[in-house]
Structures are given as structure tokens and as C-alpha cells.
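The values are calculated or read from the model by the stated rules, or taken from the named source; none is laboratory data. The shown structure was predicted, so the numbers you read here are calculated from the model rather than taken from an experiment. As a convention, Cβ positions derive from the backbone with ideal geometry for all residues, glycine included, and neighbour counts pool all protein chains shown. Just the protein is used for accessible areas: all its heavy atoms, side chains included, with ligands, DNA and RNA removed. Shrake-Rupley method; radii C 1.70, N 1.55, O 1.52, S 1.80 Å.
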Amino acid sequence: MTITYDTVKEIYSRNYGSERLYKRSYCFNLLYTEGIMDFQKALNACWVVDNVISYMPKIINAYKDNEFTFFVVEISLNKQQQGYMEVYTENYVQGIYDEHISIVKQDIPFIDLPINEDEEITSYKFFLELSALQPITYTLLLPPER
């Protein structure tokens, strides 16, 4: 089976809720949904969850410092499959609304996800929501699962 951007659209459309949560045995601060499991299996992209896990200390600090409970995880790549992965949020900072507060951004020289041939930049978005306070735990999910 050839994996294309249409495969990704299908993954996003067939996952609209989750009955089960998953976690890596080495990280208890991140849970992820069936949709994320489907995404990483279908696209052979376990690295996405692993990267988010590597960002968890900064995400947890953002909660402790500013009580940020919701984040967007975005992977953007160009037609040469170069790009970045970023975790950001939106919130009020000193009384002023900021729609893009970057928590962490990592340039990635090669991203092995399918590109959308119709766009210059292909973007994948996921949501990260606070799910527990003791210990601080976040759940990673596809946008339709929210």
C-alpha cells in the first residue's frame, strides 16, 4: 500500500473519539488516543509521540509557570520534506492575548510524512490537553477526537 496525503486525511476522518488511551512504558506524563496510535502505525511514525515525550519537561514547566492546559503540536514540512515540529499555545500574557506562544520548536532536516502536493507547506496538527494534575499528565489526540 502506498502511503499518500490521502491516507492521512482518511486517518483524521475515521478517528473521532477514543475508548482507550496508550502510553509509553518510560513516560507516564503523556497519554495518547487510538487516533494517535492509528496515525503512528499507518504512517510508521512512532517518532512523533517520542518527540512529544522529549518535550514533556518544557510542557510541564509551561503548566507550572503559567497554568497552560492546552497546546497545539504542529509538524510542518516543505516539498523537500524539511521542516519543524513545534508545541505552542494561546493565552493571555500580562493581560494581552497572544495566539502563538511557542513552548518548543525543533527544526527537522528530513520528515518522512506524506506531503500535500497541492500546498507549498504541509501541516499536521495534534492537540495536547491537560488530563490530570497529580501527576501532571497530558493527552495527545487528533483534532477530530477533541
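Along Cα→Cβ, 7 Å out, is where each label goes; now give me the distance between the ones at Glu90 and Asn44 in nm to one decimal.
In this crude label model, Glu90 to Asn44 measures out at 3.6 nm.
Mind jotting down the three principal axis lengths of the range 1-71 based on Cα atoms? Whole angstrom, largest first.
44, 22, 22
Nearest 500 deg cm²/dmol is fine: what mean residue ellipticity at 222 nm does the chain get from its DSSP H runs of n ≥ 4 alone, each adding -39,500 (n - 2.57), divided by its residue count?
-8500 deg cm²/dmol, from helical runs alone.
Considering only protein heavy atoms and a probe of 1.4 Å, how much of the accessible area of the chain is carbon and sulfur, as a whole percent?
Of the solvent-accessible surface of the chain, carbon and sulfur hold 48 percent.
How big is the range 59-146 in terms of Cα radius of gyration and Dmax, in angstroms?
Values for the range 59-146 (Cα only, Rg and Dmax): 14.6, 44 Å.
Using the alpha-carbon centroid of each, what span in Å lies between the range 105-146 and the range 19-42?
With the range 105-146 and the range 19-42 each reduced to a Cα centre, they are spaced 13 Å.
What FRET efficiency comes out for the pair Lys64/Arg24, r = Cβ-Cβ distance, R0 = 22 Å, nearest 0.05? Walk me through the numbers before you get to the answer.
Working: r = 22 Å, r/R0 = 1.00.
The value I calculate is 0.50.
With angles folded into 0 to 90 degrees, how steeply does helix 46-66 sit against the dominant principal axis of the chain? Use alpha carbons for both and round to 10.
20
Express in nm, to one decimal, how much length is gained between Ile3 and Asp98 on full extension, taking 0.36 nm for each residue of separation and deducting their alpha carbon distance. Present the calculation step by step, with values, prior to reporting the outcome.
Values: separation 95, 0.36 × 95 = 34.20 nm, distance 3.65 nm.
Taking 0.36 nm per residue and subtracting the Cα distance, the gain is 30.6 nm.
With a 1.4 Å probe and every protein chain left in place, work out the accessible area per residue of the chain in Å², rounded to a whole number.
Roughly 57 Å² per residue, with all protein chains present.
Count the DSSP beta bridges whose two residues both fall in the chain, then state the antiparallel fraction as a percent rounded to the nearest 5.
Just about 90 percent of them are antiparallel.
In terms of the Cα gyration tensor, with a ≥ b ≥ c the square roots of its eigenvalues, is the range 1-141 rounded because a/c is under 1.5, prolate because a/b exceeds b/c, or oblate?
Values: a/c = 1.90, a/b = 1.32, b/c = 1.44.
Oblate is the answer for the range 1-141, as a/c is 1.5 or above yet b/c matches or exceeds a/b.
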